[in-house]
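The values are calculated or read from the model by the stated rules, or taken from the named source; none is laboratory data. Nothing here was measured: the structure is a model prediction, and the numbers come from that model. Cβ sites come from the backbone with ideal geometry, for glycine too, and all protein chains shown count toward neighbours. We work out accessible area using only protein heavy atoms, side chains counted, and drop any ligands, DNA or RNA first. Shrake-Rupley method; radii C 1.70, N 1.55, O 1.52, S 1.80 Å.
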Amino acid sequence: MAITSTPPGPLHGKSILIPRGGRWGVAVYETLRSRGALPVLAPLIDFAPARDTVALDYALYRLEAGEFDWVTVTSATTVGILRGRGVRIPAGTRIAAVGEPTRDALEAGRFGVDLLPASDHSARGMVAEFRARDIPAGRVLTLSSEIARPTLVDGLRAAGHTVEAVTSYRTIPVNLSAEVIADLAAGRIDAILLTSGSVAAGLAAQATCHPDTVLAAIGDRTAEDARARGLNVAVESSRQSVAGLIAALEEFYAAPEGEKS
């Protein structure tokens, strides 16, 4: 019997920088390894508790008491906070998730998900989904990062909702090692996953990337943030998920050289 082997995929042998650590980073690391890539775990950001824990505690107490019609969750990090505090969201409060990873994290934590944007997995997309469903004006608690834009809060208020915005966590920068900075400058890193505007900001502030390094952004908003900081984004995923970002990077490397832009 002849022995056949699967040809290497487009990411085979590519050195790809993963900009976040923790369980998220490990999961992405294993996914890239399974595709033959050479992942480099080099966090550019980390997360810390909210500065105002009293405000967060009070908001979560009121959430459990059923004072809100909706709670919006815009990251898996917030889900981790809800789980870590043992928060129980009453049946009368509906939950809106910004995208697939957040929805998956909520469902893993045994939280139901009542709203997910149909296509645009962003704060802008969540506002559009509220409007498309003609959801009656109600009381909404938004839980997000300290650096979150006001897009969601302003959009929901403009749609007639009473919104209480509470910071659930902070995004903090992490310094790259001298070795990784040198590898980026020398072109020893083939690609970088830009998973947020804060990741793009950290990269632009700390390192100079070789012209051949491929910068892959997760969605148009992150791509805009990266370009505003002088980064040359070559790949932009249409799906705002890590799976979509990796798929977009695979498509880029699989394309003939003349078709890459």
The range 176-237 to the range 78-102: how many Å between their Cα centroids?
-> 31 Å
Kirkwood Rh, Cα atoms: Rg over Rh of the chain = 1.01
Could you work out how far apart the two model spin labels at Ile172 and Ala254 are, taking each label as a point 7 Å from the Cα in the direction of the beta carbon, and quote it in nm?
-> 4.1 nm
Projected area of the range 120-175, taken from the Cα convex hull and averaged over every viewing direction, in nm²?
-> 4.2 nm²
Compute the semi-axes of the equivalent ellipsoid of the range 1-145, taking the square root of 5 times each eigenvalue of the Cα gyration tensor, and list them largest first in whole Å.
-> 36, 19, 14
Go through Asp104, Asp212 and list them by solvent-accessible area, largest first, probe radius 1.4 Å.
-> Asp212, Asp104
Computed over the range 2-77, the ratio Rg/Rh where both radii use C-alpha atoms and Rh is Kirkwood | 1.27
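Considering only protein heavy atoms and a probe of 1.4 Å, how much of the accessible area of the chain is carbon and sulfur, as a whole percent?
Working: 6590 of 13130 Å².
Reported share for carbon and sulfur atoms: 50 percent.
Looking at the chain, what % of its DSSP beta bridges pair antiparallel, to the nearest 5? Display every interim value, and only then the final one.
On the way: 5 of 34 bridges.
Roughly 15 percent of the beta bridges in the chain run antiparallel, per DSSP.
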Please work out the average accessible area per residue across the range 1-121, using the 1.4 Å probe convention, and give it in Å².
-> 54 Å²
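Tell me, what is the percent relative contact order of the range 123-179, built from C-alpha pairs under 8 Å that lie six or more residues apart? Write down the numbers at each step before the final one.
Values: 61 pairs, mean separation 22.6, N = 57.
Dividing the mean separation by the residue count of the range 123-179 yields 40 percent.
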